[in-house]
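Data block below; observations after.
The values are calculated or read from the model by the stated rules, or taken from the named source; none is laboratory data. Treat the numbers as computed from the prediction; the structure is a model and nothing was measured. Methodologically, a virtual Cβ is constructed for each residue, glycine included, from the backbone with ideal geometry; neighbour enumeration extends over all protein chains shown.
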Amino acid sequence: MVARRFQTVTVMEASAVLISTLIGVGVLALPRFAAEAGNTGGPLVTLLGLVIALVGLALVTMVGMRFPRESIVQYGERVIGRWPARVGTALLILYFAALTSLTAREFGMVVVTSVLERTPVAITTIVMLVMAAVSSRSNMSTFAYAHLFYLPFILIPGFGIVLLAMKNATWLNVQPWLGNNPHPMSMATGALTIAALCQGSFVMTFVVPAMREPRRALRSSVWAMVVASALYLLTVLTTIAVFGAEATKLLLWPTLELAKTTMLPGQVLERLDALFLIVWVTAVFTSLYSTYALTARALQELSGLRDHKLLCVFLLPYVFVIAMLPRDILQMYRAIEWLGRIGLVLTVGYPLLLLIVAVCRKQRGELDAEA
Amino acid sequence: MTIWQRLTRFTARSNPNPLPPDQVLAQHQDDSYSGDIHATVSFFQHLFGVNGDWVIRHIRVFGRYEAVLLYFSNLVNRALVSESLMQALLRPPEHVGTGKLAKPDLRRVLMEETVYYGEVYSDNRLMRLAEALFRGDTVLLVDGLPEGIVISTRDVEHRSITQPMTEQSIRGARDGFVELLATNIALLRYRLQTPNLRVKLQTLGQLTKTKVAVCYIEGVTNPALLQEVEDRLAAINIDGIIDAGTIEQFIEDNHWSPFPQVQNSERPDKCMAQLLEGRVVILTDGTPFALIVPAVFSQFYQTMDDYAERPLMGSLIRLVRIVALIFSLVFPALYVSVISFNPELIPTMFAVAVAGGRAGVPFPAVIEVLIMEVSMEVLREATLRLPQQVGGALSIVGVLVIGQAAVAAGFASPITVVVVALTTIGSFATPAYNAAIALRILRFLLTILAGIWGLYGVMLGLILISHHMLSLRSFGVPYLSPLVPGDWEGIKDTFMRAPLWWMPKRPRQLKPVNPERLGRETMNVFLQQPSHTLDPVRPRKLE
């Protein structure tokens with residue numbers, strides 16, 4: 001496995017991987033999901049979703065730290081047996097292939113709708129997928145470097161837009177905090193949808209074995225979650241405060257609309273939405289890069305191949321076909337919400353199962369078992 | 001003799017494929033000089049006799065011993081050979097007397113008491129003697145003495161040390177490397193007068209036998225790095241090393257990347273600074289360019305001026321250069337995408353002005369920019385290759401055609417000319433020519449992407465480029481270090497140039513043996529209040 005040879009990822013790089021994976025195309029639609037689930041209680045729903053996501057990420061990290069030099073594919077086979085684990089891995093691969101394709105499709109839709117109106121959506125989608133496939137060929141240390149390098153290009157525009165938009169905010173719009181006529185069932189569903197936006201963080205299972213000090217992995221997970229949560233919460237809070245909950249529900253990508261209402265001081269650029277969207281390509285790319293690499297690496301380990309480079313290329317047509325399956329934007333969002341919630345069972349449940357079984361069987365991995 | 005015999009002898013003599021001399025020598029690799037000068041001279045004469053500058057000079061050493069001097073007349077210092085060497089050999093030293101000397105004594109007298117040249121040694125293998133001849137040494141064979149005496153008499157015409165042409169500096173040393181390896185090593189040694197400076201010589205190239213010097217500082221440079229450099233050099237088996245570039249292309253990590261992964265420099269002071277940071281410098285005989293490994297991207301926009309000036313000035317100048325670098329990469333692409341896809345981004349008044357300027361231009365913006373960029377590149381290349389006498393005329397014509405006439409003819413809009421000009425000037429501000437070329441090539445890629453997908457395409461291109469840079473390694477050092485992976489000590493010397501006393505450590509990515517470059521106390525001394533020696537009210541008194 002390539003990851004074993006490069007045990008160079010630092011805590012900061014691991015956090016960067018997680019942050020830039022968590023912040024992606026989902027942020028564009030996030031306030032709509034939140035407002036649909038809890039109207040003025042959107043921030044609360046987001047907070048709930050983030051707590052669920054944090055629990056999931058903590059589980060993945062903890063089970064990873066228990067087997068610090070192996071990935072979930074390898075220790076899964078040791079913990080619950082060869083074939084059950086293979087089924088689990090296969091499901092994970094399918095799920096992340098679908099997640100990758102839907103992310104690419106979603107962003108392809110965003111681009112086609114807002115900047116390149118005459119370009120077919122297939123083109124914008126496949127371009128993003130090709131970028132992810134080409135990049136995924138690189139090794140684990142380049143993977144970590146790339147996320148660290150792009151982090152400022154994600155955080156600065158992300159927080160920048162939100163902070164600039166705050167001067168248009170009417171804070172009465174987000175009251176009452178609990179939402180108007182809160183509906184527990186829809187709030188719970190919304191929280192799950194938002195938690196599902198954070199599933200890219202599952203990539204941590206491949207980052208931990210490549211870390212220099214795997215025992216500090218939990219620290220980087222928590223830090224990453226704190227930073228990403230801050231952006232998620234501020235985005236939802238500001239968007240609902242600016243537009244109001246009912247208007248937010250009607251906007252397809254409320255965060256993009258938020259960028260439209262803001263202006264940079266200094267009168268250099270007249271509108272920010274196109275620029276924001278373009279800068280956001282980086283954020284989407286890093287998320288795609290993570291999930292694509294995750295799929296390719298899991299597939300490589302499952303198939304027992306030595307190298308994942310060819311798999312990155314072979315995966316491309318399948319992922320593209322999945323991306324083109326939804327007929328229109330409505331079907332796509334229904335698929336994203338539905339698949340996300342199903343996926344939670346997999347990305348939280350499978351590590352939880354492994355952790356419980358491993359604790360019961362008193363199994364754990366050596367730090368330098370195969371060094 | 002019958003006709004038949006004559007014919008067969010003729011064909012036998014004119015062997016159509018005689019072996020080249022180096023293969024003949026290789027056949028006689030283990031043969032040694034026996035002391036029989038006639039056999040040896042005829043052997044050498046057979047091999048080298050074709051050459052016009054091949055000299056066999058029969059002499060009588062001390063008037064008694066039959067001997068022969070062999071050399072190539074254009075490689076040696078002829079005045080020295082005929083005056084100092086010949087005179088010394090012909091007249092016996094006074095204490096020798098008139099009696100016959102025993103063989104070992106003769107050798108000792110010759111080597112230790114007669115020849116007064118810097119380097120003299122004896123060797124008896126014919127192959128070694130032949131190699132010495134081609135290096136420019138003179139070989140003395142004495143009849144009966146079973147060893148050849150090699151005297152280094154090499155003298156090759158060379159250019160004197162001049163200011164480096166490719167790397168100008170305002171403030172800093174004015175000397176640059178020349179073609180001769182010995183001079184270049186001298187320039188380095190003169191700047192680094194420490195026994196720790198090691199210069200390892202090796203010969204590369206089957207036919208050129210080029211001398212290559214690997215220079216490093218013992219106790220600073222990581223031994224593993226040195227080993228890797230030597231391994232990569234040793235793996236080169238080629239007929240000739242034409243230039244340092246030949247070596248560069250064999251030792252670099254990624255052969256298809258547009259980015260240079262080995263730095264080259266004409267400046268001894270730069271090489272010295274890099275040696276002090278823990279890098280390895282490779283000097284090649286016959287080229288004025290030293291190779292410096294490993295190289296990271298930030299090195300290609302740093303200059304010696306940054307360090308010679310005070311930190312604030314150095315940092316500002318460096319920032320200007322970084323801006324120029326980014327300009328030269330993205331400016332035309334941004335222009336094309338804003339004009340063709342997102343005119344709403346720029347203020348309305350300006351957008352109207354741009355549209356007015358473009359009114360008569362028949363092409364889309366991307367074609368217009370590409371045409372202008374290509375003609376600019378042609379102009380640049382032509383100015384570079386032209387004899388200097390016509391260079392001035394060309395630049396005037398070029399400026400007229402590209403600047404004034406293109407706009408007047410409705411071929412390009414004035415703003416395009418401004419954009420192209422700014423881009424070109426920006427790329428000239430990058431001190432390393434090869435890095436500037438890389439960015440110039442990528443600029444075309446970005447412009448085309450901008451023409452297809454606007455800002456979205458530019459962003460995709462930038463991500464691809466940065467991802468490629470992130471995956472590059474030079475001798476294992478990540479190309480974008482010290483920025484990624486982050487190293488605070490190193491970042492002080494990337495965008496800014498921190499004060500020297502603030503950078504007490506050598507760059508960590510080079511893993512130097514001794515990371516400290518500043519004495520412990522120096523920093524404390526510099527941070528103290530300066531003593532007001534000549535204070536107008538209360539001057540300090542000497543005790």
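A quick yes/no check of all residues on (1) surrounded by fewer than 24 Cβ atoms within 10 Å (Cβ to Cβ); (2) within 13 Å of the chain's Cα centre (by Cα); (3) in a loop (DSSP other than H, G, I, E, B):
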| site | (1), (2), (3) |
| --- | --- |
| A:A16 | no, yes, no |
| A:T21 | no, yes, no |
| A:A34 | no, no, no |
| A:A37 | no, no, no |
| A:G42 | no, no, no |
| A:L48 | yes, no, no |
| A:I52 | yes, no, no |
| A:M65 | yes, no, no |
Restricting attention to the range A:109-137, report how many residues are more than 9 Å from every other protein chain (Cβ to nearest Cβ) and not basic (K, R). 16
With (1) in contact with a helix residue (DSSP H, G or I) (Cβ under 9 Å, 6 or more places away or on another chain); (2) assigned to a helix (DSSP H, G or I); (3) surrounded by fewer than 24 Cβ atoms within 10 Å (Cβ to Cβ) as the list, and A:M185 as the residue in question, which single condition is left unmet? (1)
Could you tell me whether A:A122 is farther than 30 Å from B:L472 by Cα, at pLDDT 90 or above and either in contact with a His (Cβ under 6 Å, 6 or more places away or on another chain) or assigned to a helix (DSSP H, G or I) (or both)? yes
Among (1) more than 22 Å from B:L472 (Cβ to Cβ); (2) at pLDDT below 90 - the single one A:A191 does not satisfy: (2)
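Look at B:F297 and say whether it is within 33 Å of the chain's Cα centre (by Cα) and within 13 Å of chain A (Cβ to nearest Cβ).
Values: within 33 Å of the chain's Cα centre (by Cα): yes; within 13 Å of chain A (Cβ to nearest Cβ): yes.
So B:F297 passes the test.
Working carefully through the options B:Q274, B:Q261, find the one that is closer than 20 Å to B:A224 by Cβ and part of a loop (DSSP other than H, G, I, E, B). Give the derivation first.
Values: B:Q274 fails: part of a loop (DSSP other than H, G, I, E, B).
When all the criteria are applied, what remains is B:Q261.
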Among the numbered criteria (1) in a helix (DSSP H, G or I); (2) in contact (Cβ under 8 Å) with a residue 12 or more places away in the chain, which single criterion is violated by B:A213? (1)
For A:S101, indicate whether it is within 14 Å of chain B (Cβ to nearest Cβ) and among the hydroxyl-bearing types (S, T, Y). no
Can you name the number of the only condition in (1) more than 30 Å from B:I161 (Cα to Cα); (2) away from chain A (no Cβ under 14 Å); (3) not hydroxyl-bearing (S, T, Y) that B:M272 fails? (1)
Identity of the residue in the range B:201-214, surrounded by 14 or more Cβ atoms within 10 Å (Cβ to Cβ) and not hydroxyl-bearing (S, T, Y), that ends up nearest to B:L25 (Cα to Cα): B:K209
Filtering the range B:326-344 down to residues that are of a type in the set (S, T, N, Q) and more than 26 Å from the chain's Cα centre (by Cα), which residue is farthest from the other protein chains (Cβ to nearest Cβ)? B:S340
Run down A:A14, A:A58, A:A34 and say which single residue is over 25 Å from A:T142 (Cα atoms) and either within 14 Å of chain B (Cβ to nearest Cβ) or touching a residue at least 40 places away in the same chain (Cβ under 8 Å) (or both). A:A34
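Specify which of the listed residues (B:V280, B:V374, B:V323, B:V354) is crowded, with 18+ Cβ neighbours inside 10 Å, away from chain A (no Cβ under 14 Å) and on the phi < 0 side of the Ramachandran plot. Break it down stepwise before answering.
Numbers: B:V374 fails: crowded, with 18+ Cβ neighbours inside 10 Å; B:V323 fails: crowded, with 18+ Cβ neighbours inside 10 Å; B:V354 fails: away from chain A (no Cβ under 14 Å).
Answer to the selection: B:V280.
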Based on what the data block shows, is B:A365 touching a helix residue (DSSP H, G or I) at 6+ places or on another chain (Cβ under 8 Å), within 14 Å of chain A (Cβ to nearest Cβ) and surrounded by 15 or more Cβ atoms within 10 Å (Cβ to Cβ)? no
Residue count, the range B:506-530, condition surrounded by fewer than 16 Cβ atoms within 10 Å (Cβ to Cβ) and without any contact (Cβ under 8 Å) to a residue 60 or more places away in the chain, comes to 15
Would you mind stating whether A:A274 is hydrophobic (A, V, I, L, M, F, W, C) and within 26 Å of A:P120 (Cβ to Cβ)? yes
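So which of A:E106, A:E70 is over 30 Å from B:W453 (Cα atoms) and either buried (at least 24 other Cβ atoms within 10 Å of the Cβ) or more than 14 Å from chain B (Cβ to nearest Cβ) (or both)?
Details: A:E106 fails: over 30 Å from B:W453 (Cα atoms).
Just one listed residue meets the conditions, A:E70.
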Name the one entry in A:T282, A:T248, A:T286, A:T262 that is touching a helix residue (DSSP H, G or I) at 6+ places or on another chain (Cβ under 9 Å), within 14 Å of another protein chain (Cβ to nearest Cβ), polar (S, T, N, Q) and over 27 Å from A:L148 (Cα atoms). A:T262
Of the residues in the range B:470-492 that are more than 10 Å from chain A (Cβ to nearest Cβ) and within 24 Å of B:L226 (Cα to Cα), the one that is surrounded by the most Cβ atoms within 10 Å (Cβ to Cβ) is B:S474
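Each row is one residue, and each column tells you yes or no for (1) more than 14 Å from chain A (Cβ to nearest Cβ); (2) in a loop (DSSP other than H, G, I, E, B).
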position	(1), (2)
B:A435	yes, no
B:A438	yes, no
B:L442	yes, no
B:A450	no, no
B:H468	no, no
B:L518	yes, yes
B:E521	yes, no
B:P530	yes, yes
B:T533	yes, yes
Return the pair list, or none, for Cβ contacts closer than 7 Å from residues in the range B:160-185 that are in contact (Cβ under 8 Å) with a residue 40 or more places away in the chain and β-branched (V, I, T) to residues that are surrounded by 14 or more Cβ atoms within 10 Å (Cβ to Cβ) and part of a loop (DSSP other than H, G, I, E, B), at least 6 apart or on different chains. B:T166/B:E266; B:V178/B:I161; B:V178/B:P288
